[in-house]
Amino acid sequence: MIYCSEFGYTPRVKTLDTADDLTETKIFKNTLVAFIQAEEKDEENIGGVEKKLVKNLKWAAKKNESKNVLLHSFAHLSESKATPEFTKELFDKTEARMKNAEYECDQTAFGYFMDLNVQAPGYSQARIFKSF
């Protein structure tokens, strides 16, 4: 997770045929960006994974005094990947739960490689790694 004073993305290369056609650049301010990789083993317990993910997002957002969270799929770096369908369902459920807890929550363009613009402050709590 990286807390960003500004984070922007532009969809460039569509990697999933089922993804919507997107080209719009989006910019987020004062946002915790969660680079998330769902693994194959996570598909055994979506409820437990979602619960832990939401708990960690809330904790990290609070540490950075923010109520803004952005979910970004980062699965291309892993040897063990959940299916795109599972990952999208996890993201949708997590986003709904965060919004229900009065956080602003959004997702980057799912199923795309994107140009990214990251402006992140240099203090320890702005970069947090968590595996579960």
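Just so it is clear, none of the values below were taken in a lab; they were calculated from the coordinates. Every value quoted in this text rests on a predicted model; they were computed, and no experiment measured them. All Cβ positions, glycine included, derive from the backbone under ideal geometry; neighbour counts span all protein chains shown.
Applied to the range 13-19, the Karplus parametrisation 6.51 cos²θ - 1.76 cosθ + 1.60 on θ = phi - 60° returns per-residue 3J(HN,Hα) values of 10, 6, 10, 10, 4, 7, 6 Hz, with x for Gly and Pro. Spherically averaged projected area of the convex hull of Cα atoms, the range 51-114: 4.7 nm².
Fully extending the segment from Thr18 to Phe74, taken as 0.36 nm per residue of separation minus the present Cα-Cα distance, adds 18.4 nm.
How large is the helix-only mean residue ellipticity at 222 nm for the chain, computed as the sum of -39500 (n - 2.57) over DSSP H runs with n ≥ 4, divided by its residue count, in deg cm²/dmol to the nearest 500?
Numbers: 2 runs with 35 residues, N = 132.
Mean residue ellipticity, 222 nm, calculated: -9000 deg cm²/dmol.
Taking the Cβ of each residue in Val13, Val33 as the centre, tally the other Cβ atoms inside 10 Å and list the residues starting with the fewest.
Working: Val13 9, Val33 21.
Going from sparsest to densest Cβ surroundings: Val13, Val33.
For the range 1-50, the gyration tensor built on C-alpha atoms gives an oblate shape. Its axis ratio a/c (a ≥ b ≥ c) is at least 1.5, and a/b is not larger than b/c.
Counting only lysines at least 8 places from Lys55 when in the same chain, those with an alpha carbon closer than 29 Å to its own are Lys26, Lys29, Lys41, Lys63, Lys67, Lys81, Lys88, Lys93, Lys99, Lys130. The three principal axes of the Cα atoms in the chain give end-to-end lengths of 36, 34, 28 Å, sorted in falling order.
What FRET efficiency do you get for Lys93 and Asp115 if R0 is 25 Å and r is their Cβ-Cβ distance, rounded to the nearest 0.05?
On the way: r = 28 Å, r/R0 = 1.11.
Plugging the Cβ-Cβ distance into 1/(1 + (r/R0)^6) gives 0.35.
At most 11 other Cβ atoms within 10 Å plus a DSSP loop assignment makes a site exposed; report the longest stretch of the chain without any exposed GluC sites (Glu not before Pro). For GluC sites (Glu not before Pro) (loop position, at most 11 other Cβ atoms within 10 Å), the longest site-free span of the chain is 25-64.
Among Thr87, Thr108, Thr15, the residue with the largest mean-square fluctuation in a Gaussian network model of the chain, with springs joining Cα atoms closer than 10 Å, is Thr15.
Taking 0.36 nm per residue of separation and subtracting the Cα-Cα distance, full extension of the segment from Lys41 to Glu65 would add 5.4 nm.
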